[in-house]
Structures are given as C-alpha cells and as structure tokens.
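The values are calculated or read from the model by the stated rules, or taken from the named source; none is laboratory data. Computed from a prediction, not measured in an experiment: that's the story for all the values here. Using ideal geometry, Cβ is built from the backbone for each residue, glycine included, and neighbour counts are taken over all protein chains shown.
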Amino acid sequence: MKGQFPTIPEPCRRALAEIEQDPLDLSEATAAHVRGCLACAEARVAWLAQEEAVAQAPAGYFERLPDRIVSKLPAGPRRLRPHLALWALAAALLLAVGIGGFWAGRANREPLVEATLVQPAADSHETLPDTPFLEGEEDYAQLPNLSPEQAHQLIQRVGGQEAQP
C-alpha cells in the first residue's frame, strides 16, 4: 500500500501540521512556504472553510464592493445599441424609396386620355327594330305604332309602289 500514494516532502508535512493546528495563525516560515507551495495553500483554504468561526468582513466591505468591481472593468467607447442603428437604417431606406418613387412618378407623367361615348343623334326618325334577326318583318311590325304619313312612307319604301290612302 505504501507505493500507491506519493510521498509528501518534509517542508509540506511541517506546514500541513501547523495548518491543522491553527490555519489563521501561522509562523513566518510556514507562511512563506504557503505563499510558494500551491498544494499547501489549497490545504490551508480547505481548513479555513471547515472552521466553525465565521470570519467577519471589514466595515463597509459590501458597500464598496460594486464600486471596486466596476473600477476593475476595462473602460471602452460606448457602442450604439444595435436596435437603434437598425431603426435608423430602416428609416433612411424608407425615406429614400419614398422620395425616389415620388420623383419617378413626376418624371413619367403622360397626358390623361379619356374615352368618350358617341351619342346617337337625337333627331333620328328611324326606329330601332324589336327583333334584329327578322329583316323583312321588322318594318311591318311597327305599322300599328306609326302615324298615317309615316306608314305611307314605309309602305312606299318597302313595296316600291304608291299606296292608296
């Protein structure tokens, strides 16, 4: 069993024995050894953590702690918040598109063309047929609605001969 565990050097054995007695009050030789030996420093911290007596923090320690931490942070230039930069970029893009569209619309103006409806003549004496598909009967179908002079003219035009009144 002796060969499994590494042997502890003599200065570390003396320092560990003194740390075990009182981890807070060390002699000068042991304190110097603990500053140079990482294993003994860790052992001292472990013994201090096991102590029942709670170490008291100096007066004002926790009040000054945030200022001390902030003073250790590196000071650098403040950066713009990314969402402000994105909003500014979006506003500039929207403004450029709006102004460009406005000027493009003004440059390509063409005169307005309006469609007009051809009005039928109001004096037209011709009557529109009721049934456009029956060419021969359309004129005769309107005979009862015509005046005697109009009926006489219609018969002359269709029959080609003089009608008797």
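Could you give me the residue pairs with C-beta distances under 9 Å whose first residue belongs to the stretch 1-27 and is under 16 Å from Ala41 (Cα atoms), whose second residue is assigned to a loop (DSSP other than H, G, I, E, B) and at pLDDT below 80 wherever it lies, and which are 6+ apart or on separate chains? Going by the 9 Å Cβ cut-off, the qualifying pairs are Pro23/Glu51; Leu24/Glu51; Leu24/Ala53; Leu24/Ala55.
In the stretch 34-47, the residues that are at pLDDT 90 or above form Cβ pairs under 7 Å with partners that are surrounded by fewer than 16 Cβ atoms within 10 Å (Cβ to Cβ) and of a type in the set (A, V, I, L, M), at six or more places apart or across chains, as follows: Val34/Ala41.
Of the residues in the stretch 92-110, at least one is over 34 Å from the mean Cα position of the chain (by Cα) and either at pLDDT 75 or above or over 30 Å from Asp25 (Cα atoms) (or both). Checked against (1) within 30 Å of Leu24 (Cα to Cα); (2) at pLDDT below 85, Glu63 meets all criteria but (2).
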